[in-house]
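Asker: Here you go, one structure.
The values are calculated or read from the model by the stated rules, or taken from the named source; none is laboratory data. Everything numeric in this text was worked out from a predicted model, so none of it was measured. Every residue, glycine among them, receives a Cβ derived from its backbone with ideal geometry; neighbour counts consider all protein chains shown. Accessible surface areas use protein heavy atoms only, side chains included; no ligands, DNA or RNA. Shrake-Rupley method; radii C 1.70, N 1.55, O 1.52, S 1.80 Å.
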Amino acid sequence: MKPEEQEKEGWAALLSGKNGLKSIALAGGVMLHATDVYLATTIMPSVTKDIGGLSFYSWATTMYVVAAIIGSVVSSVTLAKMGPRKAYRLAIVLFAIGALICATAPVMYVLLAGRFIQGIGGGLLVALSYAMISIVYEERFWSRAMALVSAMWGVSAFLGPFFGGIFAEYSHWRYAFVTLLIIALSLIVLTETVLPKQQKSLSTATIPFYKLLLILLAALAISAGSVSEHLSLNAAGVIVAMILLSMVIRGEKSSSERLLPTGAYKISTLLGATYAVVVLLTLSGTVEIYIPYFLQLIHNFSPLKAGYLTVLIALGWSLCSIAFSGLNLRYVKAVILTGPVLVFAGLAGLSWMVPDPANAGGAGFILMCLLLVCIGAGIGMGWSHILTQVLSSAPKGEEEKASASISTVQLLGTTFGSAIAGLIANFSGITNPGGMAGAEQAARWLFGAFALTPVLALIVILWKFKK
């Protein structure tokens, strides 16, 4: 078959027959994980209203994402030792068990336990879906399969709030987790028939349990501190987290099984500076976990409406990431510099607009929508070029490690971003005085404080990004 003929029928071949079933299996795993992220964000106001635990609001995201880091890091070892079919089965089973616990949770502590188990399964699903592309497809399908799997994040940005908003609207948030459970069980039936049973080779890699434990404890420390309304306990949580992370960095220097490539922990290197920008921009986007709560309480929006406004950040991010990915190299630096400016404008604007109930309709509503899009667009417009720089600035021979580390760094940024968001929200009054007044104060402080993250990203870009 001629190359042009292969190109012409590439998508059709990928999405039909047995390849089509494989595509559903792998893309379905990513969609399940991503849908859960957006769904949980949408239903959390209804969850806290029903079972309490408002001070632990951000923990539902923190626990899920930190667990996803664990799942992502152990995925390569799991795949090598268990094979594609069993590894994927384990991921789905863990996700399903977590969903079942969340669906039946009588109190917030039980729900958080379910979110943790779900997160491990979700992190495994995403990492395995990407890793198995080269295993289950011919090489000519790899680029399209990668694009298909990645596109599931955009699909999930609409499905998550849609299902979550509907269930929350009618006070049936538990059914949202039941729906995820049913989808997971359906997916496992499919994967048992289309994924290969055995792996081609065994890996000698080991799971870095010690460093994973330190990361977990660091996330829990800052999250635990965020629950308190006392500044001393808030600060203690942050200090403990910083000490634990410094232990991780110190352990990386003398370890043969590194989480990140050489130079990643030094901001004075281009690689370290690029990772810092990735983390800072990821932090900027974590304010979305509180947007449904603020919009429902302050502006009296329905869960469905509030959920879809949250999607505007993801929409701006996805569209601009695609639109600017093929940019001429001469304009890349300008776009990367413009991104943080837009993010700052969006966050600073929301710190003024969201706390005011008068902005629930008319021009105020339109402006809030534009500011949310602005945040996502600012992150997304330079995103692909920043990630490309991670690969190009990695030491020779460590390109694969750099590629694999991108999702880990993003998850770490999301983990600590959601924990810091919880700390700021609780300290600024979301629970005390609480209610409308507390939400207004928390919104003003949260968006205002996070507006500093794109400013820091811009400083790093001006300092280290030469081209």
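Asker: Let me spell it out: the conditions are (1) in contact (Cβ under 8 Å) with a residue 24 or more places away in the chain; (2) farther than 25 Å from Ile166 by Cβ; (3) open to solvent by less than 10 Å² (accessible area, probe 1.4 Å), and Gly272 meets all of them except one. Which number is the exception?
Answerer: (1)
Asker: Would you please list the contacts, defined by Cβ atoms under 8 Å and residues six or more apart or on different chains, that run from a residue in segment 444-467 that is under 10 Å from Leu280 (Cβ atoms) to a residue that is of a type in the set (D, E, K, R)?
Answerer: Hits for this filter: zero, empty list.
Asker: Same structure again: Which residue pairs have Cβ atoms under 8 Å apart, sit 6 or more places apart or on different chains, and have a first residue in segment 385-414 that is farther than 22 Å from Val248 by Cβ and a second that is at pLDDT 75 or above and aromatic (Phe, Trp, Tyr)?
Answerer: Hits for this filter: His385/Phe324; Gln389/Phe465.
Asker: Right, next: Only one residue in Val390, Val460 is over 26 Å from Pro357 (Cβ atoms) and touching a Phe, Trp or Tyr at 6+ places or on another chain (Cβ under 8 Å), so which one is that?
Answerer: Val390
Asker: I've got another one for you. Please work out which residue is nearest to the chain's Cα centre (by Cα), limiting yourself to segment 265-309 and to residues that are outside any helix (DSSP H, G or I) and farther than 28 Å from Tyr57 by Cβ.
Answerer: Tyr265
Asker: Next question. If we scan segment 60-77, do we find a residue that is farther than 20 Å from Leu412 by Cβ and more than 19 Å from the chain's Cα centre (by Cα)? I'd like the intermediate steps shown before the answer.
Answerer: Step one: of segment 60-77, the residues farther than 20 Å from Leu412 by Cβ are none.
Looking for residues that are farther than 20 Å from Leu412 by Cβ and more than 19 Å from the chain's Cα centre (by Cα), one finds none in segment 60-77, hence no.
Asker: If we scan segment 391-399, do we find a residue that is under 22 Å from Val287 (Cα atoms) and open to solvent by 20 Å² or more (accessible area, probe 1.4 Å)?
Answerer: No - not one qualifying residue is present in segment 391-399.
Asker: Let me ask something additional. Would you pick out the residues in segment 12-45 that are open to solvent by 20 Å² or more (accessible area, probe 1.4 Å) and within 30 Å of Phe427 (Cα to Cα)?
Answerer: Listed by number, the residues that qualify are Val37, Tyr38.
Asker: Also, I was wondering about something else. Kindly indicate whether any position in segment 287-303 is open to solvent by 50 Å² or more (accessible area, probe 1.4 Å) and not aliphatic (A, V, I, L, M).
Answerer: Yes; the residues of segment 287-303 include at least one that is open to solvent by 50 Å² or more (accessible area, probe 1.4 Å) and not aliphatic (A, V, I, L, M).
Asker: Among Val248, Val354, Val335, which is closer than 18 Å to His385 by Cβ and modelled with pLDDT of 85 or more?
Answerer: Residue meeting the stated conditions: Val335.
Asker: Turning to a different aspect of this structure: Take the conditions crowded, with 20+ Cβ neighbours inside 10 Å and over 29 Å from Val332 (Cα atoms) and apply them to Ile430. Does it pass? Give the derivation first.
Answerer: Numbers: crowded, with 20+ Cβ neighbours inside 10 Å: yes; over 29 Å from Val332 (Cα atoms): yes.
Against the criterion (crowded, with 20+ Cβ neighbours inside 10 Å and over 29 Å from Val332 (Cα atoms)), Ile430 qualifies.
Asker: Six or more apart or on different chains, Cβ atoms under 7 Å: show the pairs whose first residue is in segment 115-138 and without any contact (Cβ under 8 Å) to a residue 60 or more places away in the chain and whose second is polar (S, T, N, Q).
Answerer: Hits for this filter: Leu124/Ser75; Leu124/Thr78; Ala131/Ser75; Ala131/Ser76.
Asker: Helices (runs of 4 or more DSSP H) wholly in segment 119-233 with at least 2 residues that are at pLDDT below 85, closer than 30 Å to Gly251 by Cβ and open to solvent by less than 10 Å² (accessible area, probe 1.4 Å) - which ones?
Answerer: Where helices (runs of 4 or more DSSP H) fall fully within segment 119-233 and carry at least 2 residues being at pLDDT below 85, closer than 30 Å to Gly251 by Cβ and open to solvent by less than 10 Å² (accessible area, probe 1.4 Å), they are 209-227.
Asker: Ok, one more. Kindly provide the set of residues from segment 239-261 that are surrounded by fewer than 19 Cβ atoms within 10 Å (Cβ to Cβ) and either in a helix (DSSP H, G or I) or touching a residue at least 60 places away in the same chain (Cβ under 8 Å) (or both), ordered by number.
Answerer: Hits for segment 239-261 are Ile239, Val240, Met242, Ile243, Ser246, Met247, Ile249, Arg250, Gly251, Glu252, Lys253, Arg258.
Asker: Any idea which residue in segment 51-82 is most open to solvent (accessible area, probe 1.4 Å), counting only those that are at pLDDT below 85 and of a type in the set (Gly, Ala, Ser)?
Answerer: Ser76
Asker: So which pairs qualify, if the first residue must be in segment 312-337 and over 23 Å from Tyr38 (Cβ atoms) and in a helix (DSSP H, G or I), the second must be at pLDDT below 80 and open to solvent by less than 60 Å² (accessible area, probe 1.4 Å), the Cβ gap must be under 7 Å, and the two must be at least 6 apart or on different chains?
Answerer: Qualifying pairs under 7 Å: Val335/Leu327.
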